[in-house]
Amino acid sequence: MTSAVQASRLKAAIPPAEFYSMELPTMPAPRPGQGWVNGGLCPFHPDRHVGNFRVNLESGAFTCFACGAKGGDIIAFVELRYGLDFADALELLASR
Ligand SMILES: [Zn+2]
C-alpha cells in the first residue's frame with residue numbers, strides 16, 4: 001500500500017471534527033457540517049487568546065493567524081504538532 005493510499009484511507013476513517021476534539025481540549029464542541037470553526041487555543045504557540053486558531057471540519061485544514069502555523073489536513077497537523085515526518089505521522093494516526 002502506498003503512503004498516498006494510506007493517507008486517503010486514514011483521512012476517510014478519521015473525521016476532522018473527532019480528531020480535533022481529541023487534540024484540542026480548548027476547542028468548543030463542533031456542530032456537524034461546519035467548515036472553518038474556532039479551534040480554541042493554538043497548540044503551536046503560547047496562545048492566551050481564543051480566536052486566532054481555526055480548523056476546517058471538512059478538510060481537516062488548520063491555520064493560526066497569530067503564529068502562522070497552517071496545514072491542509074490532519075496529517076499535516078500531526079507532523080507539525082509532534083515533529084514527525086509524513087510516514088511517521090501516518091503511523092501515529094493509524095495507531096489511534
Ligand atoms: Zn499559533
Considering only residues that are at pLDDT below 95, under 14 Å from the mean Cα position of the chain (by Cα) and under 15 Å from Leu24 (Cβ atoms), which ones fall in segment 40-75? Leu57
Quick one: Gly83 ticks every box in (1) at pLDDT below 95; (2) over 23 Å from Val5 (Cβ atoms) except a single one, so which number is it? (1)
Selection status of Leu80, in contact with a helix residue (DSSP H, G or I) (Cβ under 8 Å, 6 or more places away or on another chain) and surrounded by fewer than 18 Cβ atoms within 10 Å (Cβ to Cβ): no
Going through segment 69-96 in order, the residues found to be away from the ligand (no atom under 16 Å from the Cβ) and among the basic types (Lys, Arg) are Arg96
Can you run down the residue pairs with Cβ atoms below 8 Å, 6 or more apart or on separate chains, where the first is in segment 53-70 and among the β-branched types (Val, Ile, Thr) and the partner is in a loop (DSSP other than H, G, I, E, B)? Val55/Leu24; Val55/Met27; Val55/Gly39; Val55/Ala61; Thr63/Ala69
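If only one of Phe53, Phe62 is surrounded by 19 or more Cβ atoms within 10 Å (Cβ to Cβ) and touching a Lys or Arg at 6+ places or on another chain (Cβ under 9 Å), which one is it? Steps first, answer last, please.
Values: Phe53 fails: touching a Lys or Arg at 6+ places or on another chain (Cβ under 9 Å).
Residue meeting the stated conditions: Phe62.
Output the residue which, of all residues in segment 34-68 that are among the small types (Gly, Ala, Ser) and within 26 Å of Ser95 (Cα to Cα), is farthest from the ligand (Cβ to nearest atom). So that I can check it myself, show each step before the final result.
Going through segment 34-68, the residues among the small types (Gly, Ala, Ser) turn out to be 35, 39-40, 51, 59-61, 66, 68.
This time we only want the ones that are within 26 Å of Ser95 (Cα to Cα), so: 39-40, 59-61.
Working: Gly39: 10, Gly40: 11, Ser59: 19, Gly60: 17, Ala61: 14 Å.
Applying the filter and picking the extreme gives Ser59.
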Residue list for segment 17-33, filter: in contact with a Phe, Trp or Tyr (Cβ under 9 Å, 6 or more places away or on another chain) and more than 16 Å from the ligand (Cβ to nearest atom): Phe19, Pro30
Show the residue pairs meeting these rules: Cβ distance below 8 Å; 6+ apart or different chains; first residue within segment 18-29 and surrounded by fewer than 13 Cβ atoms within 10 Å (Cβ to Cβ); second residue in a loop (DSSP other than H, G, I, E, B). Pro25/Gly40; Pro28/Gly40
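The values are calculated or read from the model by the stated rules, or taken from the named source; none is laboratory data. As the structure is a computational prediction, the values presented were derived from the model and not from experiment. Note: ideal-geometry Cβ built from the backbone for every residue, glycine included; neighbour counts use all protein chains shown.
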